[in-house]
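Notes for the one structure printed next.
We did not get these values from a lab; they are worked out from the coordinates using the rules stated. Being a predicted model, the structure only gives us computed values, none of them experimental. Using ideal geometry, Cβ is built from the backbone for each residue, glycine included, and neighbour counts are taken over all protein chains shown.
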Amino acid sequence: MAVASRRRTRLRALAQQMVRPRRPLQGDGGPPQPSPAAHMPDSPAASPAAAPNRAPDTSSPEPEPQSGAGPESTLPPGWLELLGAAGSLLSLLTAVLFYFGWASTDAETRALGLRDTVLRLSTIDYLLRSVDALFLPAALVAAAALAGTGLHRWVTQDPGRAEAVTRTLRFAWLPPVALMVLLPRFPLLELLVPLALIPGFLLTTYARTLSRAGEPSSAADRRRKLRLWALTVLISVLALFWAISAYAGMVGRSRAETAARSVDTAFPSVVVFSEKDLLIRGDGTCFNRIEDKDSAYGFRHAGLRLFHVSGDRVFLVGSDWTPGRGTLWVIEKDDSLRVEFADVKGRPAKEC
């Protein structure tokens, strides 16, 4: 009985659901049914008065302005370009100074019958040895740059003048290339040829890349000009180091000739006291045995001239030293030696 009663209850509920009227949808043509939320004034979603009481949404905070992003903290593009150009020129100048110092020292020591590796020069030594000899070339380069700036302004003022000048400068590379043919016969052109190559190629590239008034410039044309200038700069840098090598060789050989003539008259005199005999003989040198029993040294070597100092190493030559047949002595200063230096004016009349 209980089972039958439960079945009748389920059937009655199912029948009520089947006869219940269906709610019309929005697209069925019937009137839209209001949502239950419209009749609930206490609902926070439908009551405008409840909107101010809502908790603020902190899930997506506004981004804070980054420090340094303002226009005041960034450098203008012109300053950035200027700093980049200054850094490139400084790097090139340092490389030129070092190479010139090494090349001139190598030429000088070779002319004296030595090698620069014997002297153990540092990078600072090479840089300092090149400063005095590069004042005149640096002044000439600055004057050439000013002249080039004036030439560009003079050319661009008149379109007709620009056409005539560029037509002539397109072949500025021919004279230095012609001089290269004569280089084996005339060694004096070793410095002139690279110095002529630099302005020759620069003027040629300038004439071929100069934009004329009213002429449109495409992206392909700008890329072509950039490649041409890159190749020209590479050739100019190679020619610059070629000229530096030639000029450094001339300066080094001149220094060697001056040193060979002035060993006895310009080099400081040196006297070395030692506990034992250093076996320094020849080239105008002399030695004496010290008889004083209270002396800490047993020998005195004189007639020496100071050639170079590198750290604790002292390079000495004799007063009669000449390149090719003289001897270079190297001693290291320690407690067993005492080295005395004297100026040319303070040199005793008789050293031995």
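Quick notes
- Couplings for region 112-127, taken from phi via the Karplus curve 6.51 cos²θ - 1.76 cosθ + 1.60 with θ = phi - 60°, read 8, x, 10, 10, 5, 5, 5, 7, 6, 6, 8, 4, 4, 4, 5, 5 Hz in order; Gly and Pro are left as x.
- Whole-Hz Karplus values for region 299-309 come out as 9, 10, 10, 10, x, 9, 10, 7, 9, 6, 10 Hz, taken residue by residue from phi with 6.51 cos²θ - 1.76 cosθ + 1.60 and θ = phi - 60°; glycine and proline positions read x.
- Three-way shape call for region 88-261 based on the alpha-carbon gyration tensor, with the a/c threshold at 1.5: prolate
- Gain upon complete extension [Ser310, Arg10; 0.36 nm per residue less C-alpha separation]: 96.6 nm
- Taking only the C-alpha atoms of region 263-342, the Rg (one decimal) and the largest Cα-Cα distance, Dmax (whole number), read 12.4, 41 Å.
- For region 299-352, the square roots of the Cα gyration tensor eigenvalues, ordered a ≥ b ≥ c, give a/c of at least 1.5 with a/b no greater than b/c, which places it in the oblate category.
- Here region 88-261 is assigned +1 on the Cβ of each Lys and Arg and -1 on the Cβ of each Asp and Glu. Its dipole about the Cα centre then comes out at about 460 debye.
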